[in-house]
Amino acid sequence: MSTSENQENGKRNIDEHSKNEDLKKNRESSDNKYQTSEQGVRINHTDDSLKAGGRGPTIMEDFHFREKLTHFDHERIPERVVHARGSAAHGFFQPYENASQFSKASFLQDPSKKTPVFLRFSTVVGSRGSADTVRDVRGFATKFYTEDGNFDLVGNNMPIFFIQDAIKFPDLVHSIKPEPDNEMPQASAAHDTFWDFASLTPEITHMLMWVLSDRALPRSYRMMEGFGVHTFRLIDKEEKSRFVKFHWKPTLGTHSLVWDETQKLAGKDPDFNRRDLWESIENEDYPEFELGFQIVEEEDEHSFDFDLLDPTKIIPEEEVPVIPVGKMTLNRNPDNFFAETEQVAFHIANVVPGIDFTNDPLLQGRLFSYLDTQLLRLGGPNFAEIPINRPVAEVHNNQRDGFSRQKINTGKTSYMPNSIRGGCPMSAPENMGGYVHHAEKVEGHKIRERSESFKDHFSQATLFWNSMSKPEKKHIVKAAHFELGKVMDKEVRKRIIHDLFNNVDHKFAKRVAEGVGIEPPPSETIKNNEKKSPALSMEDTVKNTIKTRKIAIIALNKADHSNIKDVKEQLMEAGAQVHIISKHGGVLENGKEEIEVDKTFITVESVMYDAVFIPGGKKFIEKLKKNGDAIHFVNEAFKHCKSIAALGEGVKFLRECRLPGISISTTIPGDFSSEKGVITGNPGTLDKFMEAFIEAIAKHRHWDRETIEEVPA
Ligand code: HDE
């Protein structure tokens, strides 16, 4: 096809499209109707480069070609060295009440005031294009655009960290990133170098327990906790300092995927968590997180059996309760991924009056690292002028020039003191809210040394293990089998089990050893404590809502439409999202009635849903029994311990699926029954049936039927 034909075709397509009234209006009112160069010159042709004759060479003079290609060649910036893959959203924070008894920070004073926020979630190890559902820590970085300047709370979804001192961060990251000779594996800790480093770094043990747990596989960014990790300080109006640990608690509870599901999702929908965040905001199911403080008075600093400055320790919530102080709501997706999610620059040193640091040696190191990394990543010192990083508070200072300076500073002075500009911009006096560092008294010798109070590396790892439910423990053991199973070096495997895990819990060490071909440690090496912290178990999280959960209804032609409608309506009323899934797109027929199909077996799988429902319909069920996709869908949902429900003849189909350990009614239409998250019934029992189904979905998973090995999916 010739160029002019091409253009004609393109124009025709656009004209066709423009018959749509909305698009037409958009086009007419659009201020970007005509293309221009970066200099504002209108471009009349962008499909062919300027050539000396139709078949001749391209001419240097083609400034439009050169500008377009040059810009393209420079489109990428270095990805973050860690936390490269992220997803973000805009929103606001609102305190529940005046929190001035803790902090003078302006955003914590007035319950009627909404402070804008931008929150970036991330995985840590993988590159920008890696899958969302890998086993990893998740970043949880919030920028508060307060009227006193930006406050960045740059946290994670786990409350502790791998190491105690920032100087070890490059070693940790080099060990966990893909190995340097072959750049494998991507986005995974399951390889020799990480476990080698870990086996020689006992302070890592507590964090290993968290990373092996299901917390490393969040069901959704909307369903994970966030933590500031370090102990910070809050400063009140009287300049009194208190220690604080920051917590974010999701109102939907903390829930995870199962390992097998994460592996399948990595191929079927590598954007699973990103898509979930985006779609929930588009659907106006706005993610919400409660901000909480654990407060420790200065005089109680040394009253714990660990050091508050040690970032490998939690303060158990049973010892110091989390006080809820406000809520963050995410209600707007970014307009442009690069301009916002990629260019946002967090820095732990971005604090406002009312918030201050402690001497946690990991925190202290981060104070250097974040500014340094932005200079490289965003090409110079002016990254704070990029729209997403600009504070809402006014900026006045004598910083000048540098790459990509946006601001046009006027006047002659860029120094202080000056008289020419009347001394402006002046230093703000304290009563004007000028930031004053907490006047902590510090004394000591210059030494490279770890404090003695940082040297218990195992008690809290044991506390974590003790606090897990039986299924959670099983998942940790399985995760260790996978991770260590990928480690080729037998000595490394042995060190992890004998030198670290055996100090956490002897039985745990034995269970891991059995799965990875290592001689189990003969006995306990240290006496393991028996303390528990129920707040650490996801078993004890919010389980009374099915809001935003995704439910699949499997149907073909001749399915019972009233079953579908009844169930769909009630699930949606309870806040769930419901998709009708079939063999092909279009509509489902039964008599004259039609129901629109939302998705097909080709584009979705059970791993993308939280629960599944099979309606009745005699002819439909006869066909469904021969549909391998449907049988697989239900079996896989069963294997992943999700709720499964069937009405009427649908019960017959469940029987065909041979779900192990479940006795499905043999009378059709089925009697009401609810067993381990499998619910059956007939239209006459609809109320009871729906109540049981909704309750089962809210439970998230039914671990009591975790008979994974027996299920062929
Ligand atoms: Fe980070 N970290 N980190 N980190 N971190 C970065 O900054 C670093 C640590 C965290 O969505 C980098 O802009 C050091 C703890 C999040 O943009 C870098 C140390 C916690 C994000 C960096 C730590 C975090 C980062 C990479 C040890 C939880 C993503 C790109 C002292 C409290 C922020 C960047 C976003 C990003 C350094 C440890 C959380 C290189 C040196 C502990 C959520 O500067």
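At-a-glance table
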{"item": "In Å, descending, principal axis extents of the Cα set of the chain", "result": "93, 83, 55"}
{"item": "Relative contact order of the chain, pairs being alpha-carbon contacts under 8 Å that are 6 or more residues apart, as %", "result": "11"}
{"item": "Exposure proxy order (Cβ contacts within 10 Å, fewest to most) of M488, M224", "result": "M488, M224"}
{"item": "C-alpha center-to-center spacing [the range 115-160, the range 563-615] in angstrom", "result": "34"}
{"item": "E61 versus I43: modelled label distance in nm, points set 7 Å from Cα along the beta carbon direction", "result": "2.0"}
{"item": "For I355, residues with placed amide H under 5 Å, excluding near neighbours", "result": "I235"}
{"item": "FRET efficiency for E394 and N98, using Cβ-Cβ distance with R0 set to 35 Å, rounded to 0.05", "result": "0.90"}
{"item": "Hydrodynamic radius of the range 450-592 per Kirkwood, over alpha carbon pairs, in Å", "result": "19.5"}
{"item": "Unit charges on C-beta of K, R, D, E only; dipole of the chain, Debye", "result": "1180"}
{"item": "Phi-based couplings in Hz for the range 620-625 (Karplus 6.51, -1.76, 1.60; Gly and Pro marked x)", "result": "4, 5, 4, 6, 5, 4"}
{"item": "Order of C641, C424 under a 10 Å beta carbon neighbour criterion, fewest first", "result": "C424, C641"}
{"item": "Protection-proxy order for peptides 647-655, 141-149, each taking the mean of Cβ atoms within 10 Å per residue, highest first", "result": "647-655, 141-149"}
{"item": "Distance from the range 174-253 to the range 515-547 (C-alpha centre basis), Å", "result": "17"}
{"item": "R0 of 25 Å, Cβ-Cβ distance D687-T545: FRET efficiency to nearest 0.05", "result": "0.80"}
{"item": "Packing-based order for 531-537, 188-194, using average beta carbon neighbours within 10 Å, highest first", "result": "188-194, 531-537"}
{"item": "Karplus 3J(HN,Hα) series, Hz, for the range 321-338 with 6.51 cos²θ - 1.76 cosθ + 1.60 (x for Gly, Pro)", "result": "x, 7, 8, x, 10, x, 9, 9, 10, 9, 10, 8, 6, x, 7, 9, 4, 5"}
{"item": "Taking only Cα atoms of the range 550-710, radius of gyration then Dmax in Å", "result": "14.0, 44"}
{"item": "Highest-first arrangement of 269-276, 210-217, where packing means the average Cβ count within 10 Å", "result": "210-217, 269-276"}
{"item": "Residues of type lysines that K547 reaches as a straight line, Cα spacing below 17 Å, ignoring anything fewer than 8 places off in the same chain", "result": "K249, K568, K642, K699"}
{"item": "Full-extension gain in nm, M426 to K623, via 0.36 nm per residue minus C-alpha separation", "result": "63.0 nm"}
{"item": "Sequence-separation-based contact order of the range 550-710, relative, with Cα cut under 8 Å and 6+ spacing, percent", "result": "21"}
{"item": "I553 long-range amide H proximity, modeled H, under 5 Å", "result": "H579, I580, I581, F613"}
{"item": "Stretch gain in nm, segment A190-D671, where the contour uses 0.36 nm per residue and the Cα spacing is subtracted", "result": "168.4 nm"}
{"item": "Cα gyration tensor, the range 521-616 - rounded (a/c under 1.5), prolate or oblate", "result": "prolate"}
{"item": "Per-residue HN-Hα couplings for the range 104-117 [Karplus 6.51, -1.76, 1.60; θ = phi - 60°; Hz; x = Gly/Pro]", "result": "8, 3, 4, 6, 9, 8, 10, x, 8, 9, 9, 9, x, 9"}
{"item": "Diffusion constant of the range 466-540 at 20 °C, which comes from Stokes-Einstein with the Kirkwood Cα-pair radius and 1.002 mPa s, µm²/s", "result": "166"}
{"item": "Span from the the range 290-367 Cα centroid across to the the range 634-692 one, whole angstrom", "result": "45"}
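Since every read-out is calculated from the coordinates, none of them should be taken as a lab result. Keep in mind it's a predicted model, so treat the numbers as computed, not measured. When we count neighbours, we look across all protein chains shown, and the Cβ atoms used for this are built from the backbone with ideal geometry, even at glycine.
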